[in-house]
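The values are calculated or read from the model by the stated rules, or taken from the named source; none is laboratory data. Everything numeric in this text was worked out from a predicted model, so none of it was measured. Don't worry about glycine lacking a Cβ; one is built from the backbone with ideal geometry, like all the others, and counts go over all protein chains shown. Calculation scope for accessible area: heavy atoms of the full protein, side chains included, ligands and nucleic acids excluded. Shrake-Rupley method; radii C 1.70, N 1.55, O 1.52, S 1.80 Å.
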Amino acid sequence: MFTRIEERQRERAYAILALPGLCKEREDTERKLGQLGSAVVLDGRIPSVALEVRRAYESYYALCNRVAECLESILWSPEHSPKNVPMRDVYWQYLGSLLGATPTEDDVRRHMAPLTAGQLPHYESLAESASRRLADLHAAFDEWPTTSTPPDWRWRQDQVAARAGHKCEQCRKRHITTGVQFHVHHVKARSEGGTHELRNLRWLCEICHGKQPGRGPSKSRVRRRSTRGSS
């Protein structure tokens, strides 16, 4: 069994190997969006969404997240790890499983090099770029057409729920034991020109959401709320 520190080191080894392929796949998807006639948040516009375009955006957003997660794993600092953790041995074992063969000294040296040869600033620069790209996507998805929820809808649900402390923003109840579900409510309805901006979203239990003027059951219903983080 690996310790948590060793798991993080294995994740870093995987991330170093996976990052180039993910970046290429992300850029390929971005080109596909361009071929579909869609501005990929270069000017903040989102076109009317055909199914093919929506799927391309969903794929692109997922890839941007995976790239950011890889960079987070690579930049994880082992400085606070116990000195006796055999980092090189962990890499050796995990690289072997990824490469499908016993790694050579050159394999280990090549894949550990970014962490030992002063190349971390390169990864830090990539991480900053990935963060900006995600921020641009979230900003563009604020204006996602009203015919469907944006590709980052789960992220928006999580942001609104955390901001509300996982309590209904109207009745202030958590509904831990009642099984009541929570909805994300648009303060200004999408049909009236409301956006998906976080400031236009509220976290409401289904009881309070059903009482909103002119609104019945919403399509924005979310999974049953976990009791994680509740008191």
Just the residues that are under 19 Å from the mean Cα position of the chain (by Cα) and more than 26 Å from Arg54 (Cβ to Cβ), please, taken from segment 6-36. Arg8, Glu11, Arg12, Tyr14, Ala15, Ile16, Leu19, Pro20
Counting only residues that are in contact with a His (Cβ under 9 Å, 6 or more places away or on another chain) and open to solvent by 20 Å² or more (accessible area, probe 1.4 Å), segment 168-191 contains a total of 5
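Between Ala162, Ala140, which is among the small types (Gly, Ala, Ser) and modelled with pLDDT of 90 or more? Before the answer, list the steps.
Values: Ala140 fails: modelled with pLDDT of 90 or more.
Criteria check complete, one pass: Ala162.
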Of those in segment 131-167 that are open to solvent by 20 Å² or more (accessible area, probe 1.4 Å) and of a type in the set (A, V, I, L, M), the residue nearest to the chain's Cα centre (by Cα) is Leu134
